[in-house]
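Single-structure report; data block below.
The values are calculated or read from the model by the stated rules, or taken from the named source; none is laboratory data. All of these numbers come straight from a predicted model, not from anything done at the bench. Here Cβ is always computed from backbone atoms with ideal geometry, including for glycine, and neighbour counts include all displayed protein chains.
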Amino acid sequence: MVQQAPSAVREAYQFAGANPEVVRALPCYCGCGNVGHTSNLDCYIANIGESGTITFDNHALGCTLCVDITQDAMRLLREGRELPAIREYVDARYARFGPSTMP
């Protein structure tokens, strides 16, 4: 299903798979904490096996907020922003949409 998604969604999934440490450090504000998500990474990846095999979660396929957060992180990284500044940006921009999946 990811391969059939719009390009922005595919890019976000690819980024999450290649940069789990970045996406894991960012909250999501779409309300997905109710389904057990603890970071934006959980919107894309259900599991990373010991061998590095990734099992994707389909949540972000239908959630533009998850993808927007990741796309913003990608853009800010390209601009040279550090992870703490990206987290501040995400919190400031998206907190109005719902509770954070992270403290």
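Summary table below
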quantity	calculated
Candidate set from segment 11-21 (those that are surrounded by 11 or more Cβ atoms within 10 Å (Cβ to Cβ) and out of contact with any helix residue (DSSP H, G or I) (no Cβ under 6 Å at 6 or more places or on another chain)); member that is nearest to P103 (Cα to Cα)	N19
Matching residues in segment 26-78 - criterion: being more than 11 Å from the chain's Cα centre (by Cα) and of a type in the set (G, A, S)	G31, G33, G36, A46, G49, S51, G52, G62
Scan of segment 31-64 for residues that are in a loop (DSSP other than H, G, I, E, B) and over 15 Å from P103 (Cα atoms), ordered by number	Y44, G49, E50, S51, G52, T53, D57, N58, C63
The listed residue being polar (S, T, N, Q), in contact with a Phe, Trp or Tyr (Cβ under 8 Å, 6 or more places away or on another chain) and closer than 18 Å to A18 by Cα, out of T70, T55	T70
Verdict on Y94 being in a helix (DSSP H, G or I), under 19 Å from N19 (Cα atoms) and either of a type in the set (F, W, Y) or touching a strand residue (DSSP E or B) at 6+ places or on another chain (Cβ under 7 Å) (or both)	no
T38 out of contact with any His (no Cβ under 6 Å at 6 or more places or on another chain), over 21 Å from Q4 (Cα atoms) and not hydrophobic (A, V, I, L, M, F, W, C)	yes
Near pairs, Cβ below 6 angstrom, 6+ apart or cross-chain, from segment 22-40 (over 15 Å from N58 (Cα atoms) and at pLDDT below 95) to any residue that is acidic (D, E) and surrounded by fewer than 18 Cβ atoms within 10 Å (Cβ to Cβ)	none
Hits in segment 72-91 (condition: part of a helix (DSSP H, G or I), more than 19 Å from C32 (Cβ to Cβ) and without any contact (Cβ under 8 Å) to a residue 60 or more places away in the chain)	R75, L76, L77, R78, P84, A85, E88, Y89
